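Report on the following structure.
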Amino acid sequence: MNTLPPELHAYICEFACTDDGETMRTLRGLSRYFQEVAKPYLYRTISVFDEKQVAGLLERLESTPPHLRHIKNLFLANPTARSPSNQVDSQKLMRIITLAAPTLQTLSFVVHTHLASTSMIARLFRTSFPNLLTLTVSGFYPFPSSVGKFPRLQSLHLLGNRNPHGLFQMPTLEDACPALTHLRISGLGAAGLFVYELEEALRAEATEEEDECPIPSRVPPSVQRITVQAGPEPSADTGSSVTSTTILKDRFMMAQLQMLKTRKVPDGSDVLLRVRDRTLAPISVDDLRTDWLDNLL
C-alpha cells in the first residue's frame, strides 16, 4: 500500500463508500495521510436519525467547503420516528437537505411526526435536486407540485398517505419528475378511490382513449413499473379512531387490489403493475434504512 500513488488511494476510498459510512470512518482513522486522502469522500454516504447526530452533522457541513461535502447518499429521519420524546428542529433537517441537494443521488426522508410531516415534505418537494435518481418519502405526504425539481429522478417510493386519491388525476407528478420510471406506493388503507383511480389510469394508458371524466386519470408517460402495497389491516382494537365503516372500506379496497393483481395486461400496455401482499406491521425506520442501503449508488 505504501508504494501506491495518492490517486490510487483516493480511488480505493471512493469504492469504500458502499455502506453507511462506517468503512470510510475506519479508513480515516488509519493515519493522518488517509485522513487527507479521504476528505473528499467523508460525506459521500450519510445516515442520521438521532437528535445529536442531526445537530452535529449540520454543524460540520456548514463549516465544510462545498467541494468537500459531495454528498451522494443520504438517509435522514426525524428522530421521533424512533422515539416520540426525541424532538429535533425541523429547520435543521431542511437545512441539511438544502446543503446536500446539489449532489444527492439517493435520498430517504422519514418524518413520522404527523403534524409536521406534510409541511416538511412539501418543502422537500419544492427543493431542486438536479442529480437525484432514487427518492423515498415516508410521512403524511402531499403530492410533488413544483415543475422540474427532480429532472433525473427514476425511482420514487411514497409511504404514509393511506389514500393518495388524486395522484394520477393531476399532472404534477409528471411535471416534477419527467424521467420517472419506477413508482412505489405503500401503506394504503381504505383507499378504494385511489385504487379505482389507478385502474382507470392503467386502462387509459393501454387503450389511449379519451376519457369523458372531467379530471381523467393517467399514468405519466415515462413510468414503466408501478408497485402498490396495503398497510396493516385496521382493527377496532388498535385505536378508537377505527370504525366499522373504515374496516368495510378497507376490505373493499383489498378486493379491488386483488382484482388488479389478477387482471390481464392489455396488449399495448407499457406499464407493469405489481400488487404486493399487505404488510402485517407498519414499515419501520429500520426497514426503510435497509432498503436505502440496498440501493446505494
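The values are calculated or read from the model by the stated rules, or taken from the named source; none is laboratory data. The structure displayed is predicted, hence computed values, not measured ones. Cβ atoms come from the backbone with ideal geometry, glycine included; neighbour counts cover every protein chain shown.
Restricting attention to region 116-126, does a residue exist that is out of contact with any helix residue (DSSP H, G or I) (no Cβ under 9 Å at 6 or more places or on another chain) and more than 25 Å from residue 290 (Cα to Cα)? Even if it seems obvious, please write down each step before you answer.
Step one: filter region 116-126 for residues out of contact with any helix residue (DSSP H, G or I) (no Cβ under 9 Å at 6 or more places or on another chain), giving 117-118, 121-122, 126.
With the extra rule that they be more than 25 Å from residue 290 (Cα to Cα), the set shrinks to 126.
Yes, the conditions are met somewhere in region 116-126.
What residue, among those in region 165-179 that are within 16 Å of the chain's Cα centre (by Cα) and either outside any loop (DSSP other than H, G, I, E, B) or without any contact (Cβ under 8 Å) to a residue 40 or more places away in the chain (or both), is farthest from residue 196 (Cα to Cα)? Before you say what the answer is, go through the steps one by one.
If we filter region 165-179 for residues that are within 16 Å of the chain's Cα centre (by Cα), which is where we start, we get 167, 173, 176-177, 179.
Next, from what is left, pick out any that are either outside any loop (DSSP other than H, G, I, E, B) or without any contact (Cβ under 8 Å) to a residue 40 or more places away in the chain (or both): 167, 173, 176.
On the way: 167: 12, 173: 18, 176: 23 Å.
The extreme case among them is 176.
Out of region 94-109, which residues are in a helix (DSSP H, G or I) and buried (at least 23 other Cβ atoms within 10 Å of the Cβ)?
The initial filter retains those residues of region 94-109 that are in a helix (DSSP H, G or I), namely 94-100.
Listed by number, the list holds a single entry, 100.
Going through region 180-196 one residue at a time, which ones are surrounded by fewer than 22 Cβ atoms within 10 Å (Cβ to Cβ), assigned to a helix (DSSP H, G or I) and not hydroxyl-bearing (Ser, Thr, Tyr)?
Passing the criteria: 192, 193.
Given the criterion assigned to a helix (DSSP H, G or I) and at pLDDT below 80, identify the matching residue among 206, 236, 255.
On the way: 236 fails: assigned to a helix (DSSP H, G or I); 255 fails: at pLDDT below 80.
Exactly one residue qualifies, and that residue is 206.
Given the conditions (1) among the basic types (Lys, Arg); (2) modelled with pLDDT under 95; (3) under 16 Å from the mean Cα position of the chain (by Cα), and given that residue 152 satisfies all but one, which numbered condition is not satisfied?
Result: residue 152 fails condition (2) only.
The rows are residues; the columns are (1) among the acidic types (Asp, Glu); (2) at pLDDT 90 or above; (3) farther than 21 Å from residue 172 by Cα.
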{"residue": "71", "(1), (2), (3)": "no, yes, yes"}
{"residue": "97", "(1), (2), (3)": "no, yes, yes"}
{"residue": "101", "(1), (2), (3)": "no, yes, no"}
{"residue": "114", "(1), (2), (3)": "no, no, yes"}
{"residue": "124", "(1), (2), (3)": "no, yes, no"}
{"residue": "130", "(1), (2), (3)": "no, yes, no"}
{"residue": "133", "(1), (2), (3)": "no, yes, no"}
{"residue": "139", "(1), (2), (3)": "no, yes, no"}
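So, in region 176-194, of the ones that are within 24 Å of residue 128 (Cβ to Cβ) and among the small types (Gly, Ala, Ser), which residue ends up modelled with the lowest pLDDT? Talk me through it step by step, then tell me what you get.
At the first step, the residues of region 176-194 found to be within 24 Å of residue 128 (Cβ to Cβ) are 176-185.
When the remaining residues are screened for being among the small types (Gly, Ala, Ser), the result is 176, 179.
Values: 176: 93, 179: 97.
For region 176-194, the residue satisfying everything is 176.
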